[in-house]
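Have a look at the structure below, then the notes.
Every read-out reported here was derived from the displayed coordinates using simple, explicitly stated rules and does not represent laboratory data. Bear in mind the structure is a predicted one, so any value in this text is a computation, not a measurement. Here the Cβ is made from the backbone with ideal geometry for all residues, glycine too, and neighbour counts use every protein chain on show.
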Amino acid sequence: MILIFLIATLLLGGILAAISARWSTNLPRWISLAAIAVDLGLSARIWTGRSLSASKTWYDEVDWNWVPNFGIHFHLAVDGLSFLMLMLTFFIGIIAVLCSWTEIREKIGFFHFNLMWVLAGIVSVFLAMDLFLFYFAWELMLIPMYFLIVIWGHERRVYAGTKFFLFTQCSGLLMLIAILALYFIHHQTTGVYTFEYSELLGTTLSSSAELAIMLGFFIAFAVKLPVVPLHTWLPDAHTEAPTAGSVILAGLLLKTGGYGLLRFVIPLFPRAAHEFTPVALALAVFGIIYGAVMAFSQTDLKRLVAYTSVSHLGFVLLGIFSWNPLALQGAIMTMICHGLSTGALFVLVGGLQERIHTRDLNRMGGLWAVAPRLSASALFFSLASLGLPGLGDFVGEFLVLLGSYKVSVTLTVFATGGILASTFYALRMMQRAFFGPNTNSWRLPDLTPRELLMISAMILGLLWLGFYPQPVLNIFAPAMHNLQHEVQMPAATLGSQP
Amino acid sequence: MNATDTLALLPLLLLAGTTIVVMLGIAAKRSHKLTAGLTLTGFAASFLSIFAVARLVPRQVTSLLLLDGYALFYLGLIVASAAAVAVLSYQYFAKHDGQHEELYLLLVLATLGCSVLVMSVHFVSFLLGLEVLSVSLYGMVAYFTGRGQALEAGIKYLVLASASAAFLLFGMALIYADTGTMAFSSVADLSVGKSNLALLLPGIALTVTGIGFKLGVVPFHLWIPDVYQGAPAPVSAFVATTSKTALVGLLLRYLAPGTRQSPAVFFLFAVIAIASMCAGNLLALRQNNVKRVLAYSSIAHFGYILVAFLAASTMASGAVAFYLVAYTVTILAAFGIIAVLSTSEADAADLEQYRGLFWRRPLLASVFTAVLLSLAGIPATMGFVGKFYILASGANASAWLLIIVLVLTSVIGLFYYLRIVVTLFSEVPEPQPSTQRLDWSTAFLLGGLAVLLIWFGVYPAPLLNLIRATLGGPN
């Protein structure tokens, strides 16, 4: 039941926030924070109340009949993987509320309504264990996100929002067809109509059908992750969204793609995924390098950060399709740390834009002298982004590379080149924006206590993940074991791949 | 025809009686309120009588009409949507000067025609129902004789409908010449050599022309945008929902699943379906008139319905029924909002009139957003469950080409729905206070439709159970 409360709290919080805007401008913000805090408390209950026996897959679950005519269940469940994603969601959620505290001054109630509902959608995606419910949540989280972009975004918000929606909706519908195909094939072989994840695992499929259905899922997740060449919505959406929108997009929405690959694509279609591995790995490495090169050549600071996401998420794809323990641990670490470091960069860029009303790198320069704390924080997260040892991103990418080395040496070498390229864009960003002469004679207030609070929380998080990632890996371990157990695909066979 | 047969026709008799009562009412006292009240009472009585006759079905009443669960389901949908149109008309026409009472008379007559269509199993009742419907609609579409657009729409509809009726009659004649019977069962058997396919197939093609015209599917769709735009908003709602529901109900009965699967018929409908999905969605892209957008989107939506029609299984007929309910609820709400926002001079059709509606009238705009998302097939609305159901029946029949076209074109459709949504939420420089008041009957109707839209979108099981109980569905 706690799982239902997790979602219901956010939904209710959103409605209350919308109503409360009539009386006070700060009330919606506090209500949103309170709703997320309640969810954090509930997650602590899940953590302490989890069953420790090794045979149980789920910490907690709810399973109700929803549409019995189609065999659809309202099935929510949480394991280590989902739990980590939930923690990330609530953390990023709090950051998103805090970073829009002064940025959003109009239509505050409706803004927080959308913010809460997009979080509710994301939480449902991470919890859904019925494929119909999963699709339902997958589509539902789009609408509030779309509103966040088109109502509170920057200059080209309608274009960016519409593009985002069309890309995700089109790929989502392909996934729906794939889900339906799986559903009917499962019915043909077993005589049972069900969308239940655990029952659909191990459905016997002909290899061509398996590949087609796998691609339906893969494309949906590849658009979200994003995988080059399906990434073109991302720079626009990230750039045009308000800060909170960019933080949620980068910190959470992209992670739903990685989560989907990890939870659905490989366990449901092990053989097809195995066949597809060389393509996926090549796409991943191409994305890593392409994202880095594109980031290097941007002049819009927010767009630059957006392209770094394309590069970092390439590591996630690389890790997932390498499918060995090291690489998977690396993928999950990268997902979490990218949420923190890129989220923080978007917060800083958003703060900067609020102060100087531009995102153009050419118009910046010399900001270190006038806003040392802001600049130092930017330096910290740039270093995290380029993979400085001791910070979380390094652990993730290092583990991914270790894992992928076992699968393909050549691709690993190229991927490592991507890390090198990240040094260039990160240092270029620092150089152009914060160092050098202050030619435009900017004068701006430094970080406020509220911003300092957010930034230090994220710094501490990255340091903790960088120096002592073991707790995260421990939480993930049983879930990873289960995922690998579903897949009768030993890592050794993958090793023979080019 | 014995007493029980007469009793079984009670819903039809009540509708027919209502026309006489309304007519006498108008003759005795010209009062908009009284006429609307009588009409609604008649619809309510007819709707309730459906439950009363439910225990008599299935029952063949003469060789013309068949009352079964299927007919009663569609009958309920038709009467309920017509009643909703009557409620919308009341507020809408009260804003206009002139005499509005006759509209209700025509509305009841058209509903009667629709009801006959979904019960008919014979060409005679088919043609009778269709003509009662058409003749009433000419009057309804051109009801504002002072408006040029309305007259244009009415004339266009009159000419094209008469032409399509001629095609239909010719088709019926060919089929009769071949099979010697006018019952629908005559076209069921296309495979066996006993029938002369050279007569039968053209006959079917010509009758499909007549039906396709009323459904407004490509290539018989040319009248749709003009009529939607020119007719008063409640009448457009009637054309979009009630009359099309009746025709779909008839089509499913006329061409039995076996007939649909014969290659020639399948090919014919597959082409119509694909052309409708593509043309409807593409033509809607560049429209700035909300009524025309809804018109073109209706072409696409009936293309979607044809996908399930072609899937031809019990699951598919459930999908068609569900989709029709979803579409009816959604479109009634859409035209309800247009009717509310319309003034006595013109209907609120221009997209600019909707700019920033959310910040002026949040509830109305929220309902409209839900409507547009439902048309786009986004989860938590009935439109999503309907689209899911159609995709499922298509996948079940392995009609992959059709469902992939459906998916791709509905993404195009998303684009113009989102454009309206963006307009609803965009900024207005100086918001003018809105003058149109929402009276309680329309508010109640719109609220009810919105609740249905979300409720059955989130928890469709009760409606699915009802459909399964009346039509016989999956599992």
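List the pairs from A:Lys163/A:Lys302; A:Lys255/A:Lys406; B:Lys156/B:Lys387 whose alpha-carbon separation is above 20 Å, in the order I gave them.
Working: A:Lys163/A:Lys302 18 Å; A:Lys255/A:Lys406 25 Å; B:Lys156/B:Lys387 32 Å.
Result: A:Lys255/A:Lys406; B:Lys156/B:Lys387 exceed 20 Å.
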query: What is the Cα centroid distance between the range A:361-379 and the range A:247-280, reported in whole angstrom?
result: 37 Å
- request: Treating the Cα atoms of the range B:262-475 as identical point scatterers in vacuum, please give the log10 of the normalised Debye intensity I(q)/I(0) at q = 0.10 Å⁻¹, two decimals.
  value: -0.45
task: Quick one: which residues, 5 or more positions from B:Gly356 or on another chain, have an amide H under 5 Å from its amide H? H modelled 1.01 Å from N in the peptide plane, none for Pro or chain starts.
output: B:Leu424, B:Phe425, B:Ser426
message: Using the Cα centre of chain A as the reference point, and only Cβ charges (+1 on K/R, -1 on D/E), how large is the resulting charge dipole? Debye, rounded to the nearest 20.
response: 1160 debye
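If I take R0 = 56 Å and measure r between the Cβ atoms of A:Phe5 and B:Ala183 in this structure, what FRET efficiency does the formula 1/(1 + (r/R0)^6) give, to the nearest 0.05?
0.40
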nm² value of the averaged projected area, convex hull over the Cα atoms of the protein assembly as shown: 40.7 nm²
Exercise: per-residue mean of other protein chain Cβ atoms within 10 Å, A:63-70: 5
query: What aspartates and glutamates could a cross-link reach from A:Lys107, if we take a straight Cα to Cα line under 20 Å and drop same-chain neighbours fewer than 8 places away?
result: A:Glu155, A:Glu240, A:Glu354, B:Glu427, B:Glu430
- prompt: Highest mean first, what order results for B:131-141, B:338-348, A:144-154 on Cβ atoms within 10 Å?
  reply: A:144-154, B:131-141, B:338-348
task: Taking H placed 1.01 Å from N in the peptide plane, check which residues at least 5 places from A:Phe74 or on another chain put their amide H under 5 Å from its amide H.
output: A:Trp64, A:Asn65, A:Trp66
- request: State the answer as a single residue: which of B:Leu268, B:Leu310, A:Pro28 lies farthest towards the positive end of the charge dipole of the protein assembly as shown, with beta carbon charges of +1 for Lys and Arg and -1 for Asp and Glu, about the Cα centre.
  value: A:Pro28
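Could you work out, residue by residue across B:456-468, how many beta carbons of other chains sit within 10 Å of that residue's beta carbon, and then give the average as an integer? Don't skip to the end; give the middle numbers.
Details: counts 0, 1, 2, 3, 5, 7, 0, 1, 4, 3, 0, 1, 1.
Taking all residues of B:456-468 together, the mean is 2.
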message: Let's see if you can work this out: charge +1 on each Lys and Arg Cβ, -1 on each Asp and Glu Cβ, no other charges. What is the dipole magnitude of the range B:262-475 about its Cα centre, in debye to the nearest 20?
response: 280 debye
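What are the trypsin sites (Lys or Arg not before Pro) within the range B:177-272 that DSSP puts in a loop, where the Cβ has at most 10 other Cβ atoms within 10 Å? If you can, show how the numbers build up before the last one.
On the way: sites: B:Lys194, B:Lys214, B:Lys244, B:Arg253, B:Arg260; in loops: B:Lys194.
Filter output for the range B:177-272: B:Lys194.
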query: Taking Cα centroids, how far is the range A:51-114 from the range B:269-293 in Å?
result: 38 Å
- request: Indicate the helices, whole DSSP H runs only, in chain A that combine a mean Kyte-Doolittle hydropathy of -1.0 or more with a Cα extent along their long axis of 30 angstrom or more.
  value: A:27-49, A:157-190, A:270-296, A:301-322, A:325-356, A:409-433
message: If the reach is capped at under 23 angstrom between alpha carbons, list the lysines near B:Lys33, excluding any in the same chain fewer than eight residues apart.
response: B:Lys95
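How high is the relative contact order of the range B:87-196? Use alpha-carbon pairs under 8 Å, at least six apart in sequence, and give a whole percent.
20 percent
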field: For B:Asp350, residues with placed amide H under 5 Å, excluding near neighbours
entry: B:Val290
message: Suppose every Lys and Arg Cβ carries +1 and every Asp and Glu Cβ carries -1, with no other charges. What dipole size does the protein assembly as shown come out with about its Cα centre, to the nearest 20 debye?
response: 900 debye
task: Using only C-alpha atoms and all pairs of different ones, pull out the Kirkwood radius for the range B:55-111 in Å with one decimal.
output: 13.4 Å
- line: The rounded separation in angstrom of the Cα centers of the range B:89-128 and the range A:14-35 is 49 Å
